[in-house]
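Asker: Pasting a structure below so you can have a look.
The values are calculated or read from the model by the stated rules, or taken from the named source; none is laboratory data. What you see is a predicted model; the values in this text were computed from it and never measured. We place every Cβ from the backbone using ideal geometry, glycine too, and count neighbours over all the protein chains shown.
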Amino acid sequence: MKESTKGEIFSLVKSVAFAFIIAMICRQFLFTPTTVLGASMSPTFQDKDRVVVSKTSEIERFDVIVFDAPDMEGEHYIKRVIGLPGDRIEMKDDVLYINGEALEEPYLIENIEDNPFNKLTEDFSLQEKTGESLVPKDMLFVMGDNRLKSRDSRTFGLVSYDAVIGEVKFRFYPFKEIGIPK
């Protein structure tokens, strides 16, 4: 084999190896793809949607995050952040109160309109669900958008920041829904 051919093959192998290493570093520290499983985030996300999760985002209220499931080893959940550290949370007559202030949840409109039971979320307080009066430091209170079919902090309690994989930033499947989630 000619020296120039050997050089080209070596260069190609180096380029592929370099690209692979860069991709692994990005996946480990910056972002990762994941698949939505189940209907707990419907209509925002459907079962089998594919999304990209940013591992470097600052978590804020109403962000959609992926985290290690606290009640199922090796599984991940996708939910919406409702309560941040220091928040007092209460739900009354399908209205969310954070620190005594009623907040709108526009991502629930479709579920409320389609709900034959006339109530999407049962009345509760953080104290009743977790035994805490305020969300503790380094913890989050999360709920699914499909409140009638979601295992979330109402069921398994608070989620540690350490369990958070990242914030959902982009949907790439199905193709008709591609883009930044609402």
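Asker: Helices (runs of 4 or more DSSP H) wholly in the range 76-171 with at least 1 residues that are over 15 Å from the mean Cα position of the chain (by Cα), closer than 16 Å to Phe45 by Cβ and not basic (Lys, Arg) - which ones?
Answerer: Fully inside the range 76-171 and qualifying: 109-113.
Asker: A further question follows. Could you check the range 128-157 and list, in sequence order, the residues that are free of Cβ contacts under 8 Å to residues at least 40 places away in the same chain and in contact with a Leu (Cβ under 7 Å, 6 or more places away or on another chain)?
Answerer: Residues satisfying the conditions are Thr130, Glu132, Arg147, Leu148.
Asker: Would you confirm whether any residue within the range 26-33 is over 25 Å from Glu104 (Cα atoms) and surrounded by 15 or more Cβ atoms within 10 Å (Cβ to Cβ)?
Answerer: yes
Asker: How many residues does the range 96-127 hold that are without any contact (Cβ under 8 Å) to a residue 24 or more places away in the chain and over 15 Å from Phe62 (Cβ atoms)?
Answerer: 7
Asker: Let me ask something else. Which one of these is modelled with pLDDT of 95 or more, out of contact with any Gly (no Cβ under 7 Å at 6 or more places or on another chain) and surrounded by fewer than 17 Cβ atoms within 10 Å (Cβ to Cβ): Ser125, Ser160, Ser133?
Answerer: From the options Ser125, Ser160, Ser133, the qualifying one is Ser160.
Conditions (1) of a type in the set (Lys, Arg); (2) loosely packed, with under 13 Cβ neighbours inside 10 Å; (3) at pLDDT below 95, marked per residue:
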residue	(1), (2), (3)
Pro85	no, no, no
Ile98	no, no, no
Asn118	no, yes, yes
Leu148	no, no, yes
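Asker: Any idea which of Lys79, Lys92, Lys48 is modelled with pLDDT of 90 or more, within 23 Å of Asp162 (Cα to Cα) and surrounded by 11 or more Cβ atoms within 10 Å (Cβ to Cβ)?
Answerer: After applying the criteria, what remains is Lys79.
Asker: Given the options Phe67, Phe10, Phe45, Phe20, name the one that is in a loop (DSSP other than H, G, I, E, B), aromatic (Phe, Trp, Tyr) and out of contact with any Ser or Thr (no Cβ under 7 Å at 6 or more places or on another chain).
Answerer: Criteria check complete, one pass: Phe45.
Asker: Additional query: Looking at the range 7-14, can you tell me whether even one residue there is surrounded by fewer than 16 Cβ atoms within 10 Å (Cβ to Cβ), in contact with an Asp or Glu (Cβ under 6 Å, 6 or more places away or on another chain) and not charged (D, E, K, R)?
Answerer: Checked the range 7-14: no residue is surrounded by fewer than 16 Cβ atoms within 10 Å (Cβ to Cβ), in contact with an Asp or Glu (Cβ under 6 Å, 6 or more places away or on another chain) and not charged (D, E, K, R).
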